[in-house]
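Only one structure is covered here, and it is reproduced in the block below.
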Amino acid sequence: MLRKTEFYIDGKWTAPVAARELEVINPADEQPFAVISLGAQADVDKAVAAARRAFPAWSRTSREERVEALERLLEAYNARMDDMAQAISDEMGAPIKLATESQASVGAYHIKTFIRTLKNFVFEHPLDERNPNDRIVHEPIGVCGLITPWNWPMNQVTLKVVPAIAAGCTVVLKPSEIAPLSSIVFAEIVDAAGLPAGVFNMVNGDGPSVGEAMSRHPDIDMMSFTGSTRAGIAVSKSSADTVKRVTLELGGKSPNLVFADSDLEAAVVRGLNHCFENTGQSCNAPTRMLVERPVYDQAVEIAGRHTATVKVGNPAEQGDHIGPLVSEAQFNKVQGLIEIAIKEGARVVAGGPGRPEGFNRGYYVRPTVFADVSNDMTIAREEVFGPVLAMIPFETEEEAIEIANDTPYGLSSYVQTSDPERARRVARQLRSGMVQMNGAGRGAGSPFGGYKQSGLGREGGKYGLEDFLEVKAVAGWPAEG
């Protein structure tokens, strides 16, 4: 049993003010494998005080100094890549191949991207050609509270911590208490990289204690949260009394529009693989597949056939398979939504309730496809966060856009068509922060975030850096030389 009960505060590992231990459960076998501490207001106060003390000096460092610090962080991160992958696999059930090739490696990817962004970012510039003596200055906002989720832990930690310290801010991180081990490894990496004391601090804990204390804290200038829309609303309300800046990366119910002129087999298989990746536990997963009526039956047949080949397996084993859901609560939620879909009349094409054959323990679920779904069904409205796809037919392009936008969310959308004009036309009408066409990936530094109840602000590249900066307008800037 691992014991990781200390917090990282002011450049050193620190015991909690009051002991309150929590077992971390391995979702593959439902057994505890580590013990952490849950913090409280007093621990948050210590971390925030350290960050506040460190801010004046860190905010005045040069771009070059911060680039060098991030380069040391990248080197230290790469040296611990295997440890990071193992921690993620153990804590949230990602198969070790996915944990290594995607979950852990994406952290290094984001650090590299932010190093490039920092080198090229313009922190001071004239307002415009007509107003050369009006100076626009981008300055760090201050102490930032960062709350990250369990589903892509290092993706979200690096998308928050790295741009914040690149901007000249200091931070207090609260990772998910469900999957905290990867962030403990990250804190060890920060320590090895030699960042000044207080620039990065980490306190483990749950939302009602540590998260609430951070959101309400008068010495935290900004909160950046990733998680459920419900919890994001709570962070916003708690932050309102001190008028903090709040950025949110929340849920999604992303539509995948498959038109009859697309390469149907490729489009359906690609959509399923993306939906099932990470056992469906991704906020931007394309969980609603909207298919043009003339090819709908064929698409349903392809989906059923392909889903039957998707393997479920132990995260510790090498190979291309999906692992368990992260927790008993998540398992019960997904099972409940599958049952509701059946009661509401959705047709089971593949999968269904219960564990896959051969599993009697662990939070494993059957990859599931529902056909003949209408967009008012629960399975089409609620974010499942499991390997569950809802297939919805449409008659016209206009109806497809209407169904796609008929959701409280607006994180991502996907379009499959061989008609370039249609692709452009549809993409412009989709109310989401991201649109990916015909399997295209987003480029390094592309802004990640959504419309409506999918959040506020953007993460990644210069857009992510800007979220941690204030804008100061200075009139009468003296000419140089």
Which of the GluC sites (Glu not before Pro) found in the stretch 117-192 are loop residues per DSSP with 16 or fewer other Cβ atoms within 10 Å of their Cβ? GLU129
May I ask for the distance between the Cα centers of the stretch 58-120 and the stretch 156-235, given as a whole number of Å? 15
Once amide H atoms are built 1.01 Å from N in the peptide plane, which residues 5 or more positions from TYR451, or in another chain, come under 5 Å H to H? GLY410, LEU411, GLY433
Cα gyration tensor, the stretch 1-148 - rounded (a/c under 1.5), prolate or oblate: oblate
Expressed in square angstrom to the nearest 10, the accessible area of HIS125 with a 1.4 Å probe stands at 60
Tell me, what is the per residue accessible area of the chain in Å², probe radius 1.4 Å? 40
What number, rounded to the nearest 500 deg cm²/dmol, is the helix-based mean residue ellipticity at 222 nm of the chain, given -39500 (n - 2.57) per DSSP H run of at least four residues and division by all its residues? -11500 deg cm²/dmol
How large is the translational diffusion coefficient of the chain in µm² per second when you combine the Kirkwood radius over alpha carbon pairs with Stokes-Einstein at 20 °C and 1.002 mPa s? 92
Between 0 and 90 degrees, rounded to the nearest ten: what's the tilt of helix 296-307 against the longest Cα principal axis of the chain? 70
On the protein heavy atoms, probe 1.4 angstrom, tell me the percent of accessible surface of the chain carried by carbon and sulfur. 50
So, in nm, how far is label LYS472 from label ASP419 when the simple model puts each one 7 Å beyond its Cα toward the Cβ? 5.4
Can you give me the angle between helix 420-429 and the longest principal axis of the chain, using Cα atoms only, in degrees from 0 to 90, rounded to the nearest 10? 60
Take the cross-link list LYS112/LYS160; LYS237/LYS452; LYS253/LYS343 and give me the ones stretching past 19 Å between alpha-carbons. LYS253/LYS343
Under 15 Å from the Cα of LYS97 - aspartates and glutamates, other chains or at least 8 residues apart: ASP82, ASP83, GLU277, GLU317, ASP320
Sparse-neighbourhood loop hits (trypsin sites (Lys or Arg not before Pro), the stretch 339-375; DSSP loop; Cβ within 10 Å at most 11 others) -> ARG361
The stretch 334-368: GluC sites (Glu not before Pro) falling in loop per DSSP and having at most 12 other Cβ within 10 Å: GLU357
Between 0 and 90°, nearest 10: helix 264-276 axis offset from the chain longest Cα axis: 50
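The values are calculated or read from the model by the stated rules, or taken from the named source; none is laboratory data. Please read all numbers here as calculations on a predicted model, not as lab measurements. Cβ atoms come from the backbone with ideal geometry, glycine included; neighbour counts cover every protein chain shown. Note: accessible area is taken over every heavy atom of the protein model, side chains too, but ligands, DNA and RNA are not part of it. Shrake-Rupley method; radii C 1.70, N 1.55, O 1.52, S 1.80 Å.
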